[in-house]
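Quick note: the coordinates plus some simple rules give every number you see, no bench work behind them. Treat the numbers as computed from the prediction; the structure is a model and nothing was measured. Please note: Cβ atoms are built from the backbone with ideal geometry, for glycine as well, and neighbour counts cover all protein chains shown.
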Amino acid sequence: MKHATLGPYIRSLRIQNRMTQSQLAEKLNVTDKAVSKWERDLSYPDIALFPKLADTLGVNVGDLLNECIDADQPSRLVQIFEMSHDIRTPLHIILGCADMAEHYHADPERLFYYLKCMRISGEYLLKSFDRILQVANQPRNEGTETGAASGMGLDDDLNSLDQARKDGLDCDFSGRRILVAEDIAINREIIGELLNRTGAEVEFAEDGQRCVEKVETHPAGYFDLILMDILMPNMDGLEATRQIRRMTDPEKASIPIIAVSANTCERDRNAAFMAGMNDFTEKPIFLDRLFGMMSQYLSE
């Protein structure tokens, strides 16, 4: 880790954006004391805050993370940040494509497409695991710890997926219109196909800004529920949710919003609820959990 680098960089960007420490803390849902410690290099921001911090300060998240890199020793902070999405996102694609390949097994063209997506995602995931091993084999610096491994084994994953597939077939969302905010095309196709099989009508927004625009331009009651990704270009899911909750039309402002995110730590969940989301589910998507949530809010 570099010393006396990230803190002054955050401070200079804050001043450049004409924000006080209190204003920056409010935007990030942290305390003034936390921002003060960052700027004095007494601590580093939580890794989950880096995307929002970069967006608030008007810089690329990569540039912000580069301030944590020592030329002789790459920062584990940077590597952990990159690996979190490098693992969960391709897993989400693989599981979703596997489900659709099973459903469309008699359609050679679709089957080939889904198998190709699974292969590409699998190769990407393999590279991510190689990076994990490289990080694990690095000498540990003082104060650096690796995260605990997940307690869920392969058998649990397979059982959950099998149960999700059965529950998903029993859900009937006919007559419901769902807005899905998701920036990755294949993810939109996966969730769209799964929802269509329940009878729901699905519309898509490629980012948070487009999601807000769709809610604004359509009449109240047009959308019954929103599935909101968190990390998206132009406007993230947290800010999109805040803007929807501030709408003057009470029916639009109270539309149920479920976060669907590959970022699953407690801070991410808390940030979603602080922004005004009703619930939170993770990627890869397990249909029993997601459809169970949707059934609850749609019945209300």
*Once the piece of chain linking Lys33 and Ala253 is laid out straight, how much longer is it, given 0.36 nm per residue of separation minus the C-alpha distance between them?*
76.0 nm
*Extension reserve of the Asn60-Glu266 stretch, reckoned as 0.36 nm per residue once the Cα distance is removed*: 71.8 nm
*For Met274 and Glu201, FRET efficiency with R0 = 30 Å and r from the beta-carbon atoms, rounded to 0.05?*
0.50
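Kirkwood Rh, Cα Rg: Rg to Rh for the stretch 6-66? The partial results should precede the final answer.
Values: Rg = 10.0 Å, Rh = 11.2 Å.
When Rh is taken as the Kirkwood radius, the ratio is 0.90.
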_Cα atoms only: what Rg and Dmax, in Å, come out for the stretch 165-258?_
13.1, 40
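How would you rank Val212, Val260, Val61, going from fewest to most other Cβ atoms within 10 Å of each one's own Cβ?
Details: Val212 20, Val260 25, Val61 15.
Listed from fewest to most nearby Cβ atoms, that is Val61, Val212, Val260.
Using Cβ contacts closer than 10 Å as the measure, can you line up Cys211, Cys265 from fewest to most?
On the way: Cys211 30, Cys265 13.
Least to most surrounded, the residues fall as Cys265, Cys211.
Report the gain in length on full extension from Arg40 to Glu213: 0.36 nm times residue separation, minus Cα-Cα distance, nm rounded to one decimal. Walk me through the numbers before you get to the answer.
Numbers: separation 173, 0.36 × 173 = 62.28 nm, distance 3.98 nm.
Contour length minus the Cα-Cα distance gives 58.3 nm.
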_Ranked Met277, Met228, criterion: other C-beta atoms within 10 Å, fewest first_ = Met277, Met228
